[in-house]
Amino acid sequence: MTIEEILDRIYPLPDSSKISLKESIQEISLPKNFCLMEAGKVIPYIYFIKKGIVRAYASAEEKDITFWFGSEGEPVVSMKSYVEDSPGYENIELLESCELYKLKTENLRDLFNQDVHIANWGRKFAERELIKTEELIISRQFKTALERYKDLMRDKPDLLRRVQLGHIASYLGITQVSLSRIRAEIK
């Protein structure tokens with residue numbers, strides 16, 4: 001997915017604004033299992049996934065709990081670092097070798113002050129991330145593991161082929177044995 005497509009999915013920009021924003025973005029490639037973000041650290045970048053899959057997780061009681069997956073076209077951001085310049089809560093691990101677009105948060109803030117269109121793009125970006133977080137919280141509170149698995153099948157079927165079952169079970173808040181039961185029940 002091109003950076004233009006990703007930027008436009010968030011909020012369409014005039015060509016001149018898009019050019020200014022693209023000048024601050026660099027393309028990078030990183031290997032599978034690379035830790036893109038580490039909990040407890042300020043992350044001064046926003047990333048957009050050109051190719052690959054990542055997971056966000058937190059460590060608790062000597063185990064990792066996956067709470068989000070990102071794939072092509074999606075932003076990868078520590079909102080706490082982005083908004084407050086404070087250490088984030090999450091670890092982000094690359095589940096595949098990834099091609100990413102990297103944008104320094106400080107450069108983006110400068111662009112917000114120079115270009116109202118980019119400032120509006122940034123507002124839409126933050127709003128979309130807030131809605132994703134809200135949907136995740138509601139899903140965790142009110143849906144069963146079976147319902148969340150069916151949502152994954154509907155919304156991100158490629159994840160089920162590309163992500164280890166252990167990570168999917170962790171995301172659903174169940175064991176791999178329970179996940180196997182759910183998968184057998186659906187077939």
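The values are calculated or read from the model by the stated rules, or taken from the named source; none is laboratory data. All values derive from a computational prediction rather than experimental measurement. A quick note on method: Cβ atoms are made from the backbone with ideal geometry, for glycine too, and the neighbour counts reach across all protein chains shown. Surface areas here come from the heavy atoms of the whole protein model, side chains and all, with no ligands, DNA or RNA. Shrake-Rupley method; radii C 1.70, N 1.55, O 1.52, S 1.80 Å.
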The chain, accessible surface, carbon-and-sulfur percent (1.4 angstrom probe): 51 percent
³J(HN,Hα), Karplus 6.51/-1.76/1.60, whole Hz, each residue of the stretch 80-92, x for Gly, Pro: 5, 5, 4, 7, 10, 6, 10, x, x, 8, 9, 9, 10
At what distance in nm do the modelled label points of ASP85 and GLN26 sit from each other, each positioned 7 Å from its Cα along Cα→Cβ? 2.1 nm
Comparing GLN26, GLN114, GLN141 in a Gaussian network model of the chain (Cα, 10 Å), the one with the largest mean-square fluctuation is GLN141
With Rh as the Kirkwood radius over Cα pairs, the stretch 1-77 has Rg/Rh of 1.03
For the chain, what is the calculated [θ] at 222 nm in deg cm²/dmol (nearest 500), taking -39500 (n - 2.57) for each run of four or more DSSP H residues and dividing by its residue count? -15000 deg cm²/dmol
Please report, largest first and rounded to whole Å, the three semi-axes of the ellipsoid equivalent to the stretch 61-131, where each semi-axis is the square root of five times an eigenvalue of the C-alpha gyration tensor. 25, 15, 12
Compactness ratio of the stretch 97-161: Cα Rg over 2.2 N^0.38 Å, N = residue count? 1.56
Note: the chain, point scatterers on Cα, Debye, no solvent; log10 I/I(0) at q = 0.09, 0.18 Å⁻¹ equals -0.35, -1.27
In whole percent, what relative contact order does the chain give with Cα contacts below 8 Å and a gap of six or more residues? 25 percent
So between ASP158 and GLU62, what do we pick up on full extension, going 0.36 nm a residue minus the alpha carbon distance? 31.7 nm
Would you please give the residues with an amide H less than 5 Å from that of CYS98, counting only those at least 5 places away or on a separate chain, with H modeled from the backbone geometry? LEU30, LYS32
Defining a contact as two alpha carbons under 8 Å apart and six or more residues distant in sequence, what relative contact order in percent does the stretch 54-137 show? 22 percent
